[in-house]
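A short reminder: the numbers here are calculations on the coordinates, not readings from a lab. All values reported here derive from a predicted model rather than from experimental measurement. Cβ sites come from the backbone with ideal geometry, for glycine too, and all protein chains shown count toward neighbours.
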Amino acid sequence: MKTKDFDYTLPEALIAQTPLKDRLESKLLVMNRFTGKLHHDRFFNLHAYLKAGDVLVINDTKVLPARLIGLKADTQATIEVLMLSDLGDDTWECLVKKARKVKIGTIIRFGEGRLTMRCVQVEADGMRVFKLHYQGILYEVLDELGTMPLPPYIHETLDDPDRYQTVYSKEKGSAAAPTAGLHFTKSYLSRLEAMGVEIVPITLHVGLGTFRPVSVEDVDHHIMHKERYSISESSANTINRAKQENRRIIAVGTTSIRTLETAQQDGEVKAGSGESQLFIYPGFQFNVVDALITNFHLPQSTLLMLVSAFASQKTIMAAYQSAIQKQYRFFSFGDAMFLTNT
């Protein structure tokens, strides 16, 4: 398939710039993934499409305030750095704006030296590997010096940084939020549990692989960036037991679905940690997930290709046109979609 097959025109006014006051007030487009039949609703009615025994798999990653503005030690030029992946031993892979200015040995200081980064490896497409030097606890330093790394299509200031976190965020390490989960409140999750829905956490730290644009003409030539994941024994056992009992596995977000499909073997989810580089596009065979809660994604993005694989390119593009006609809000702070198997 061609990347252009996943293009569509979106009025700029439909790009959500700020979150709704009430997370549950988002619109919800419900679509049967096999037939393409559509129904328009609100997220606070999601429970009407769920039933006792369903397993809702959430990504409990927590977004780091990983956008940093520093000064080059030699020229005092301003450098913007987005921390993406912890490689261990205080070494991080980062995306650097105006990366041509950063070579091996370049030192960048943040907060008058509270944090210092030294470039130890140059990679393609603006990626650099840095060795970090700081005093104290890194996450506390980032809380002091960093800001929330909002996507570039969001131009409004986020008054409350917690609105770019899910209410169940726990494991620090993400460069972007698993945005499908932004619609849930703690009380609504409790309501779902009370009706017999099982809530199961897994972790995938969202990095460049999720939001990097597809720059190749042929979809199958695109290479995903690696992202770290972990699944506990308890979560794996709950999911596998549900599969054995023919109960639905519902992924909250594309990150959850990629994690589950990465960690499975013959349909059984394996507990443990690892890296996902799985690129899901039409033709992919799903082995674990039955239904998906997701947001509306950018044109020609890997996320749009994933949902097109889960349903079909034709039905997804038709659903997007319906959402545009109904004035849905798109992207990170936008409305939701439920791709169901019933």
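Entry for the range 67-145 at q = 0.13, 0.20 Å⁻¹: log10 I(q)/I(0) = -0.32, -0.80, Debye formula applied to identical alpha-carbon scatterers, no solvent contribution. Any chance you could check the Cα centroid distance between the range 180-241 and the range 269-342 for me, in angstrom? Using only Cα atoms to place each centre, the spacing works out to 12 Å. Geometric descriptor of the chain, per residue, is 138 Å³ (volume of the convex hull of the Cα atoms). Using a 10 angstrom Cβ neighbour count of at most 14 plus a DSSP loop assignment to flag exposed GluC sites (Glu not before Pro), which longest range of the chain is free of such sites? Result for the longest clean stretch: 1-111.
Local charge for residue 157 was computed over the other residues whose Cβ lies under 15 Å away, with Lys and Arg +1 and Asp and Glu -1, and equals -2.
Across the chain, C-alpha contacts under 8 Å between residues 6 or more apart give a mean separation that, scaled by the residue count, equals a relative contact order of 25 percent. Contact order for the range 67-145, expressed relative to its length and based on alpha carbon pairs under 8 Å spaced 6+ residues apart, stands at 26 percent. Extent of the range 216-342 along its three principal axes (Cα atoms, max minus min coordinate, largest first): 43, 33, 27 Å.
In order along the range 84-91, the phi-based Karplus estimate (6.51 cos²θ - 1.76 cosθ + 1.60, θ = phi - 60°) of 3J(HN,Hα) comes to 10, 9, 7, 8, x, 6, 6, 10 Hz; Gly and Pro are listed as x. 3J(HN,Hα) along the range 123-140: 10, 6, 6, x, 8, 9, 10, 10, 9, 9, 10, 6, 10, x, 9, 4, 5, 6 Hz, from the Karplus curve 6.51 cos²θ - 1.76 cosθ + 1.60 with θ = phi - 60°, whole Hz, x for Gly and Pro.
Which cross-chain or sequence-distant (5 or more) residues have an amide H under 5 Å from the amide H of residue 84, H modelled 1.01 Å from N in plane? The answer is 93, 94, 95.
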